[in-house]
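Everything on this sheet refers to the single structure shown next.
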Amino acid sequence: MIPKFPRAELEARTVRVLRPRTWIAPEVRLLEIDGKPAVLKDFKALPMATRLTVGLSLIRWEVPILKRLIGLEGVPQLLYTVDRFGFIMSFIEARSLYKVPAAELPKGTFDRVLELVDALHARGVVHLDLRQRKNVLLTSENRPAIIDFAAALHFSRPNAVFRFMCNVDRTAILKLKNRVLPDELTEAEKEQLRAFDRMRRFWPLKRRRPNKKDKIE
C-alpha cells in the first residue's frame with residue numbers, strides 16, 4: 001500500500017521547481033522529506049479542462065507502472081500518492097549519460113544499461129521513450145538509471161507486440177551507444193540496428209529524416 005502525503009505540506013517541503021507547468025504538462029518539484037530528496041509530479045495547477053482529462057489520465061497511467069517497478073534499482077521509486085492529481089517519487093542524483101565524456105564512462109556501461117532495460121521487460125514494462133536522451137542517466141556511483149515512465153506500457157504476458165516494443169527499447173540504447181561509443185558497437189549490435197532500420201521502412205507513421213550521427217560504420 002502506497003502511503004498518502006498531505007498536499008498542505010508540499011509548499012513547506014519544496015526545495016525548488018525542477019520544471020514549471022504548462023497548460024498540458026505537470027509541474028515537477030524537488031522536495032525534501034525526512035532529510036531525503038524526492039520528486040513531486042503535480043497536475044493540480046493545470047487548467048481544469050486539462051487537469052480533469054490529460055492530468056487524470058496520465059496519473060492513472062504512470063502510477064500503476066511505477067508500482068510494478070518497486071524494488072528495481074535504477075528507476076524512480078514511488079513513495080507517496082498525494083491525491084488524484086499528484087504523486088511523489090524518489091530522486092535519482094545523476095546526469096545524462098549522453099553528456100558524460102566517453103573517457104569517463106566505466107567499461108561495460110552500456111551492457112549495464114541494457115541489463116536495466118531487460119529488467120524492466122522482465123516485469124512486463126516497456127519504456128518506449130528511451131530515444132529521449134534525457135531519460136537515460138548515469139548516477140554519481142556510475143550506475144545506469146532510467147526515468148520518466150509517462151509513455152511506458154505494461155503487458156501481463158509476452159506477445160508479438162510486447163517483443164516488438166522490447167526491441168524498440170533496446171535499439172534506442174544501441175543508437176545512443178553508437179553516438180557515444182561508436183567504436184565499441186559490436187557487429188551483432190550493428191546488425192540489430194540495421195535490421196530495425198530496414199523494418200522501419202514499413203512504419204505506418206511518418207518517420208523523421210535519418211540523423212547523420214546515427215550512421216553505422
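Yes/no per residue for (1) over 20 Å from the mean Cα position of the chain (by Cα); (2) not β-branched (Val, Ile, Thr):
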site	(1), (2)
Val28	no, no
Val54	no, no
Asp83	yes, yes
Ser90	no, yes
Asp111	no, yes
Lys134	no, yes
Here is a check on your reading of the model: is Val75 under 30 Å from Glu184 (Cα atoms) and crowded, with 18+ Cβ neighbours inside 10 Å?
yes
Ser90 being of a type in the set (Ser, Thr, Tyr) and at pLDDT 95 or above
yes
Which is in contact with a His (Cβ under 9 Å, 6 or more places away or on another chain) and farther than 15 Å from Ile147 by Cα, of Gly124, Gly108?
Gly124
Restricting to region 140-175, what's the tally of residues that are in a helix (DSSP H, G or I), in contact with a strand residue (DSSP E or B) (Cβ under 6 Å, 6 or more places away or on another chain) and surrounded by fewer than 16 Cβ atoms within 10 Å (Cβ to Cβ)?
0
Number of the exception - Thr171 against (1) touching a Phe, Trp or Tyr at 6+ places or on another chain (Cβ under 7 Å); (2) under 30 Å from Arg13 (Cβ atoms); (3) β-branched (Val, Ile, Thr)
(2)
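The values are calculated or read from the model by the stated rules, or taken from the named source; none is laboratory data. Given the structure is predicted, the values throughout are model-derived calculations rather than measurements. Methodologically, a virtual Cβ is constructed for each residue, glycine included, from the backbone with ideal geometry; neighbour enumeration extends over all protein chains shown.
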